[in-house]
Amino acid sequence: MHLVDMFISHRKPLLLFGPSGTGKSFYIKNYMMNKLSLDTYVPSFVTFTTQTSANFTHKTKHTQHKIGRA
């Protein structure tokens, strides 16, 4: 948890990678929902699979900006 705290406090991007089913998504979602101040941060989740394309990701981010979520 210390490394995640450091990345967030210094406002640096963080990438977790590893085999499926090792708890990466659960760990980060739990951290974002329970450890961060919801007054300061707005959690947002994007799940990537083998079916996720760069165009889909771009369109999703662009749509969130239009509706004021990002």
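The values are calculated or read from the model by the stated rules, or taken from the named source; none is laboratory data. The shown structure was predicted, so the numbers you read here are calculated from the model rather than taken from an experiment. All Cβ positions, glycine included, derive from the backbone under ideal geometry; neighbour counts span all protein chains shown. In case anyone asks, the SASA skips ligands and DNA or RNA and just uses the protein heavy atoms, side chains included. Shrake-Rupley method; radii C 1.70, N 1.55, O 1.52, S 1.80 Å.
Brief remarks on what is shown
- Reported count of residues in the stretch 10-34, each being over 15 Å from the mean Cα position of the chain (by Cα), exposed (fewer than 10 other Cβ atoms within 10 Å of the Cβ) and at negative phi, is 3.
- Whether a residue is among the small types (Gly, Ala, Ser) and open to solvent by less than 80 Å² (accessible area, probe 1.4 Å) was assessed, and SER53 passes this test.
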